[in-house]
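Read the figures in this text as sums done on the coordinates, not as results from a lab. Keep in mind that what you see is a predicted model, and the values were worked out from it rather than measured. Cβ sites come from the backbone with ideal geometry, for glycine too, and all protein chains shown count toward neighbours.
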Amino acid sequence: MRNVLSFYKNVGWKNKDQITYDSRLFEDNRKYSANYVSMCRKRIQKYIPKKGNHFLDFASGPLQYPEYIKYSKNFKTRHCVDFSNEALKQAKNKIGIRGKYYCGDFFKINFRKNYFDCILSMHTIYHINKNKQAEAIKKLIRLAKKDKPIIIVYSNPNSLISKIRSLLPKKKKKSMIYFYCYQNSWWNQFSDLADIKILPWRSFSAQHQKILFPNNFIGSWLLKILFSLENIFQNFFSKNFQYIMIILKKK
């Protein structure tokens, strides 16, 4: 979508005090949230193979958090795809010759089929036009090797927060960038191509997390409890809270 392209090409990846504009808008960077936020990012590591040759990062951005860089530490090459030259420049500064960099439209880039040992796409698919999201998923599946994971961080439109907001008076609010997410059952259409697992990634958006959890030791303690509950009651949290991990393992 044009506004997504414009945002990330012009301002999204600009740094101020080592924090990007994207992070200032969409992340909870407070001191007492740091441990919880980091642990949520590290959840992904559990589903990444212990080693491999080719790791595809679809819409890699600048690899702006330390946890992001570590995802491909046991892979020979990380293939970073993004339509922002600035993002790829920053990514290259961090992983250098261990990466390959592709600037352009993912749909137009020709990769070999059955080539990647792991594919990652974080906070990207829901920024693609809703009529092309399935096409993007099918391409990712084609590119993955058999039995290898495609890990997608996505958003759940049926979260408790969304349900509560739907009961309140509607306020017209124009989104800064295009965003559309399908309900969890939408992913079932890919069951012939891959085994599908839906797991919790993080319960709240940064905006709501900042409201609900104070930036002090009480907030940190509550977030620690939340993280444990997410791990224990995975089905409940993936159905009722904000961010989910879709693990597709190609058949």
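Structure notes:
- In segment 1-109, Cα pairs under 8 Å separated by at least six residues give a relative contact order of 22 percent.
- Pairwise FRET efficiency - SER191 versus ARG112, Cβ, R0 = 22 Å, nearest 0.05: 0.35
- Pairs of alpha carbons in segment 18-150 separated by more than 21 Å make up 42% of all such pairs.
- Cross-link reach is defined here as a Cα-Cα straight distance under 17 Å, omitting same-chain residues fewer than 8 places apart; for LYS146 the lysines meeting it are LYS50, LYS51, LYS113, LYS138, LYS197, LYS249, LYS250, LYS251.
- Only helices enter this figure: runs of n ≥ 4 DSSP H residues, each worth -39500 (n - 2.57), summed and divided by the residues of the chain, yield -10000 deg cm²/dmol at 222 nm to the nearest 500.
- Pairwise label distance in nanometres, ASN53 with GLN18, each label 7 Å out on the Cα-Cβ vector: 3.7 nm
- The chain, relative contact order in percent, only Cα pairs under 8 angstrom and at least six apart counted: 23 percent
- A simple spin-label model places pseudo-atoms 7 Å from Cα toward Cβ; at PHE217 and VAL11 they are separated by 3.9 nm.
- Along its principal axes, segment 1-54 has C-alpha extents of 36, 34, 20 angstrom, given from the largest down.
- Distant-in-sequence amide H partners of PHE233 (H built 1.01 Å from N, under 5 Å): none
- GNM result for the chain, Cα springs below 10 Å: residue of VAL37, VAL153, VAL11 fluctuating most strongly: VAL11
- Counting only DSSP beta bridges with both residues in the chain, the antiparallel share comes to about 45 percent.
- Theoretical FRET efficiency, 1/(1+(r/R0)^6), r = Cβ-Cβ of MET39 and ASN129, R0 35 Å, to 0.05: 0.60
- Environment charge at ILE109 (Cβ cut-off 14 Å; Lys +1, Arg +1, Asp -1, Glu -1): +2
- Convex hull of segment 137-208 built on C-alpha atoms - directionally averaged projected area, nm²: 6.4 nm²
- For segment 145-251, relative contact order (Cα pairs under 8 Å, six or more residues apart, normalised by length) works out to 55 percent.
- Dmax and Rg, reported as Rg then Dmax, of the chain (C-alpha, Å): 17.7, 53
- In plain terms, the chain from ASN29 to TYR180 could stretch by 51.9 nm, reckoned as 0.36 nm per residue minus the Cα-Cα distance.
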